[in-house]
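A.B. asks: Sending over a structure as structure tokens; questions will come in a sec.
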Amino acid sequence: MDCVQLREKELNLFNANFSAVATQAALLAGFSMAFLEMSVHLHGEHHNYVAKAALHLFSTICICANVFTVSVITFVSVWGSGKALRGKDGSMGKVVE
């Protein structure tokens, strides 16, 4: 088997793994967004403002972290594949490394 073919299989494996992580992060961002939207409508006679503020803070952090993860993985997948295919000689090995 040629070295380039082996590197191509490694690159495909990495892309598949990154795709799975990005899918999970997008799903969790959607759940966090729905949770944040539901928590805005929480009203009651005995509600704690500190707990509600902490809930909003952590929901927002979760959304931001998941959206950041999806955007970084998208950038790496697109940039890595493009560099491997259109880069100079030896770029396939550099991208996989």
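The values are calculated or read from the model by the stated rules, or taken from the named source; none is laboratory data. On a predicted model such as this, the values are computed, not experimentally measured, just so you know. Cβ sites come from the backbone with ideal geometry, for glycine too, and all protein chains shown count toward neighbours. We work out accessible area using only protein heavy atoms, side chains counted, and drop any ligands, DNA or RNA first. Shrake-Rupley method; radii C 1.70, N 1.55, O 1.52, S 1.80 Å.
A.B. asks: Report the convex hull volume per residue for the stretch 1-73, counting only C-alpha atoms, in Å³.
C.D. replies: 69
A.B. asks: Right, here's the next one. For the chain, set up a GNM with springs between Cα atoms under 10 Å and report which of 29, 16, 53 has the largest fluctuation.
C.D. replies: Judging by the Gaussian network model, the answer is 53.
A.B. asks: Right, next: Just to confirm the number: angle between the C-alpha axis of helix 3-40 and the first principal axis of the chain, 0 to 90 degrees, nearest 10?
C.D. replies: 10
A.B. asks: Now, a different point. Rounded to the nearest percent, how much of the accessible area of the stretch 28-91 (1.4 Å probe, protein heavy atoms only) is carbon and sulfur?
C.D. replies: 74
A.B. asks: Would you calculate, for the chain, the mean residue ellipticity at 222 nm contributed by helices, counting each DSSP H stretch of 4 or more residues as -39,500 (n - 2.57) and dividing by all residues, to the nearest 500?
C.D. replies: Mean residue ellipticity at 222 nm (helix-derived): -30500 deg cm²/dmol.
A.B. asks: Keeping every protein chain present and rolling a 1.4 Å probe, give me the accessible area per residue for the stretch 1-73 in Å².
C.D. replies: Normalised by residue count, the accessible surface of the stretch 1-73 is 75 Å².
A.B. asks: I would also like to ask the following. Once the Cβ-Cβ distance between residue 34 and residue 81 is put in as r, and R0 is 25 Å, what FRET efficiency do you end up with, to the nearest 0.05?
C.D. replies: So, using R0 = 25 Å, E works out to roughly 0.20.
A.B. asks: Mind checking the full-extension length gain between residue 71 and residue 18? Use 0.36 nm per residue of separation minus the Cα-Cα distance, one decimal, nm.
C.D. replies: Computed gain between residue 71 and residue 18 is 18.0 nm.
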